[in-house]
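As structure tokens, the structure follows; a few thoughts come after it.
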Amino acid sequence: MPGLNNLVANTAYLRAQQVKREELRKQRLSLTLPKPKMSSALRAAVERKYESLCERQPIGIKLFQQFLCAANPQYRIATEFLQELSNWSFAEDEAREKAKLSILAKFCQPESRSFLSYPTGEAAERCKSVTDNNFDVMLGQIKEDTRDFLRGKPFSEYLNSPFFYRFLQWKEYEEQKISDRYFYEFRTLGRGGFGEVCAVQAKHTGQMYACKKLDKRRLKKKSGEKLALLEKYILEKVNSLFIVNLAYAYDNKTHLCLVMDLMNGGDLRFHIYELGERGIRMERVVYYSAQITTGILHLHSMDIVYRDMKPENVLLDARGQCRLSDLGLAVELPKGKSICQKAGTTGYMAPEILRQEYYRTSVDWWALGCSIYEMVAARLPFKDFREKVQNEEVTRRTLDDECKFEHKNFDAPTQDIIRRFLKKKQAYRLGCHSGDDPRNHAFFKSINFRRLEAGLVEPPWVPKSNVVYANDTDQLRDISDVEDVTFEAKDEKFYKQFSTGAVSIRWQKEIIDSGVFDEVNHPKLNGHSCENVWE
Ligand code: ADP
Ligand code: MG
Ligand code: MG
């Protein structure tokens, strides 16, 4: 009964996503944090950098804030000030004006109880001279003064406090070995070159993920080991709202597993072609393109070129925000050097790749131009939908032809941004030299990138929570088998390199978002508060 199997799989998968926090808490055994071993304490000691411990790692941020609030009123004021400043920077219109007046009254008036009295010298003068008019400039500097202050005495006191001990306990927990037993497994969502991708759920927290399983035998047969490591390495390095993030990497007897953000809203190709009317509404095209641009800029800022930009690789999450996925073709560019390597998908490859010339990040902007075109017109600039055409002909058109805009939905800014992305010469292409940031183009005039980057712009379309945006499980089943593979010692070494367990920032977010952090840290719930963890 193939249809029934699929129904059962879908029901379990949809139910898991709606599981309530209370239900999970009942199932979960009470969690006691391990004592930090010397090794994790030492590692953290080596990395005793303020930025990493107090500004980047989510649990670190929380515990540092709790320390500041408990330690001393001036420290508390400093952290409150930073919080309000951050709220102000993301607020709009009236709320922004209100936030500004509140900051002025609370922190910049010497008679206020929460006046910033920790700055000394020049910095102290700055606090007194803030007005409505110089607010933006001055507050940027005072923010830096405040960070300098926190990085000094408060930070070194924190390192000797029970709050930091608690942080080390969480680190110890974070470093536990991950295996299949850590997750519940649900239906298959898609199929890739080395195996399937299925939905999984972390047992402790109820957090849903997608698990990309790479078959060890298939990897060995096709010599895909290096590629798998590279994909894992790049996924782990990026931390962006607009790129699928890696949460865990582990292996079992048969597979290497990459556990990533679950994107249950389907890919953009599916949305362009498979949902009745072809193409995507303009408001959505602009929104997705803005998020994609932000994701690409994030990769480029780390000298990584994506090389596989196409709607099929852009996945939607439950809220309707999109992320770049499948970083299997991405590479890190050598400092200051170009590369010359053919990679990509027919129809999206830039002229410089097709001519086998040297390139750096320019190829992603070309592919984005093709993708925007496709979202609007439901065909590629140089290849019609389902057109039977040789790759050589697509190459010829890409190199020689001008792009035509026959579809009715191409308005002037859309045509212009596509034309600029589709400049055949890298030097003339939008995004390829400093000073022409694609985000400033008129196509994006409705987008506030600062808010978008903070995840604060509501998506124009939200996936339905009772629909599975994936092909039926029966269509995704794999029947082929790989034979004649024997494993050697060097394979084991490679698996070890791959299986690094939880990825810090993502894991810490999971612990906080699921409520596990508050539950364990709550003095009444776990029997000891932060003040008496010294044993
Ligand atoms: P490959 O590199 O082998 O092409 P992909 O990373 O593209 O593998 O994954 C294969 C398929 O699995 C995708 O086309 C998509 O349908 C599904 N998939 C991949 N990642 C996710 C994810 N994070 N969430 C949901 N589905 C995913
Ligand atoms: Mg793929
Ligand atoms: Mg791939």
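In the condition set (1) touching a Leu at 6+ places or on another chain (Cβ under 6 Å); (2) free of Cβ contacts under 8 Å to residues at least 24 places away in the same chain; (3) among the charged types (D, E, K, R), Glu274 is compliant with all but (1).
For Glu172, the conditions (1) touching a residue at least 40 places away in the same chain (Cβ under 8 Å); (2) more than 25 Å from the chain's Cα centre (by Cα) all hold with the exception of (2). Restricting the search to helices (runs of 4 or more DSSP H) fully inside region 320-401 and requiring at least 2 residues that are surrounded by 22 or more Cβ atoms within 10 Å (Cβ to Cβ) and over 23 Å from the mean Cα position of the chain (by Cα) gives 362-377. Restricting attention to region 319-376, the residues that are more than 16 Å from ligand 3 (Cβ to nearest atom), at negative phi, among the small types (Gly, Ala, Ser) and at pLDDT 95 or above total 4.
Restricting the first member to region 185-206 and to residues that are at pLDDT below 90, and the second to residues that are of a type in the set (Lys, Arg) and away from ligand 3 (no atom under 16 Å from the Cβ), the beta-carbon pairs closer than 7 Å and six or more apart or on different chains are His204/Arg28. So, Glu312, is that one surrounded by fewer than 22 Cβ atoms within 10 Å (Cβ to Cβ), more than 19 Å from Leu452 (Cβ to Cβ), without any contact (Cβ under 8 Å) to a residue 24 or more places away in the chain and within 13 Å of ligand 1 (Cβ to nearest atom) or not? Taking the combined requirement at face value, the residue does not satisfy it.
Filtered by the rule that a residue be more than 13 Å from ligand 1 (Cβ to nearest atom) and within 15 Å of Asp180 (Cβ to Cβ), region 202-221 gives Ala202, Lys203, His204, Lys216. Kindly indicate whether any position in region 293-302 is touching a helix residue (DSSP H, G or I) at 6+ places or on another chain (Cβ under 6 Å) and within 16 Å of ligand 3 (Cβ to nearest atom). Within region 293-302 (the criterion being touching a helix residue (DSSP H, G or I) at 6+ places or on another chain (Cβ under 6 Å) and within 16 Å of ligand 3 (Cβ to nearest atom)), the answer is no, since none of the residues qualifies.
Meeting the requirement of 2 or more residues that are within 30 Å of Pro36 (Cα to Cα) and touching a residue at least 40 places away in the same chain (Cβ under 8 Å), the helices (runs of 4 or more DSSP H) wholly within region 51-169 are 58-71, 73-90, 135-151, 153-159. Can you tell me which residue is surrounded by the fewest Cβ atoms within 10 Å (Cβ to Cβ) among those in region 45-80 that are among the aromatic types (Phe, Trp, Tyr) and within 29 Å of the chain's Cα centre (by Cα)? By that ranking, first place goes to Tyr50. Arg181 fulfils the conditions (1) modelled with pLDDT of 95 or more; (2) surrounded by fewer than 19 Cβ atoms within 10 Å (Cβ to Cβ); (3) under 23 Å from the mean Cα position of the chain (by Cα) except for a single criterion, (3).
Taking residues in region 233-261 that are within 19 Å of Tyr182 (Cα to Cα), and partners anywhere that are hydroxyl-bearing (Ser, Thr, Tyr) and assigned to a strand (DSSP E or B), the pairs with Cβ atoms closer than 6 Å and at least 6 places apart or on different chains are Ala247/Tyr209; Cys257/Tyr250; Val259/Tyr209; Val259/Tyr248. Residue count for region 415-440, restricted to those that are within 28 Å of Gly265 (Cα to Cα) and either crowded, with 19+ Cβ neighbours inside 10 Å or acidic (Asp, Glu) (or both): 4.
The values are calculated or read from the model by the stated rules, or taken from the named source; none is laboratory data. On a predicted model such as this, the values are computed, not experimentally measured, just so you know. Counting neighbours? That spans all protein chains shown, and the Cβs are built from the backbone with ideal geometry, glycine included.
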